[in-house]
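The values are calculated or read from the model by the stated rules, or taken from the named source; none is laboratory data. What you see is a predicted model, and the numbers here were worked out from it, not measured in a lab. In this analysis, Cβ positions are derived from the backbone assuming ideal geometry, glycine residues included, and neighbour counts consider all displayed protein chains. The protein model used for the area step is the full one, side chains on, heavy atoms only, and it has no ligands, DNA or RNA in it. Shrake-Rupley method; radii C 1.70, N 1.55, O 1.52, S 1.80 Å.
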Amino acid sequence: MSQTLLFASDLSAENRAAFARAVRLAVESGARLDIIHVLDPYLPRRVLHDLEAAVVADIRATLTDLREDYALPEPSSLIQTMAGAPYAEIIREAHERQADLIILGAHRKRGQPDLVAGTTLARVLRSAPCPVLSVSHLATQAWHDILVPVDFSLTSRHTLRETLKRFPEARLTLLHAWDIPGERELGSNGDYARWRDREVERLRTQLERETEQLMGELDDVPELELVLEQGDPLEVLMTRLRRQPPDLLALGSRGQLGRQSQITERLLSEPHCDVMLCRAW
């Protein structure tokens, strides 16, 4: 069965980066690109009818402009409008079209995580039946470097599989944050330091074994690096994103970093890179 990518357009200038990425992904994967725009259901029927034609014309014109800007061929596409609550309609359309991927623009309130929770983007991320891409960066290059936080749970294994399936030629960095108890209180104690070093070495051996086992379950594994960093998982991830941002961050929707709502809000308010959020299963 052919792939379907679902792009939800809000017609804004900030949405162009996500639109361009959606077109590029559709062309590269040979998928059909379904482009939707959700109208305000409380507008008068006559206004909705006139507005629908204007919206479709604007989307077609933007699609033509982006193809010319990025020198891309025309993908198989379908443009439709519907009225309703944006997040609910996007999720419903994803189910009905059996979408393989939802592509959305990034949250616009930069640096304000407290304003993220009720946005269309955050709601879609919580309930989507397939991976969701939040795109804020220009689609001028392929996603070569992908960061995947892992804790070797079922969620992180599923996220890794989804990433490998969609980007088989990318370079993957698996990031595992660890935090050994007592560091703050006993870090200067010699006996504790020796115990800590043994524990870290044991952890690395265990994680390397887990990584090797996981790679054995997958086909065509690309270039891959396992990185261990000490500290709170959320802060470790945010620090790495600031200092060494990847092209794409692939994250599971549950479990691997804890405090999932916090990590999602931070990532959406500080988009150091594009983000793919995958279902837990």
* Structure fact -> Taking every DSSP bridge whose two residues both lie in the chain, the antiparallel percent to the nearest 5 is 5 percent
* Asked: In whole Å, how far is the Cα centre of region 69-90 from that of region 19-50?
  -> 2 Å
* Structure fact -> Of 136-148, 69-81, ordering from highest average Cβ density within 10 Å down gives 136-148, 69-81
* To do: Using a 1.4 Å probe over the heavy atoms of the protein chains, calculate the carbon and sulfur portion of the accessible area of the chain as a whole percent.
  => 48 percent
* Asked: Residues with amide H under 5 Å of residue 103's amide H, sequence separation 5 or more or different chain, H placed in the peptide plane at 1.01 Å from N; which?
  -> 6, 7, 8, 133
* Given charges at beta-carbon only (K, R positive; D, E negative), |dipole| of the chain in Debye -> 540 debye
* Taking a probe of 1.4 Å, how large is the accessible area per residue of region 43-173, in Å²? -> 51 Å²
* How would you classify the chain from its alpha-carbon gyration tensor, with a ≥ b ≥ c the square roots of the eigenvalues: rounded for a/c under 1.5, else prolate if a/b is greater than b/c, otherwise oblate? -> prolate
* Structure fact -> The helix 190-216 Cα axis meets the longest alpha-carbon principal axis of the chain at an angle in degrees, between 0 and 90 and rounded to 10, of 50 degrees
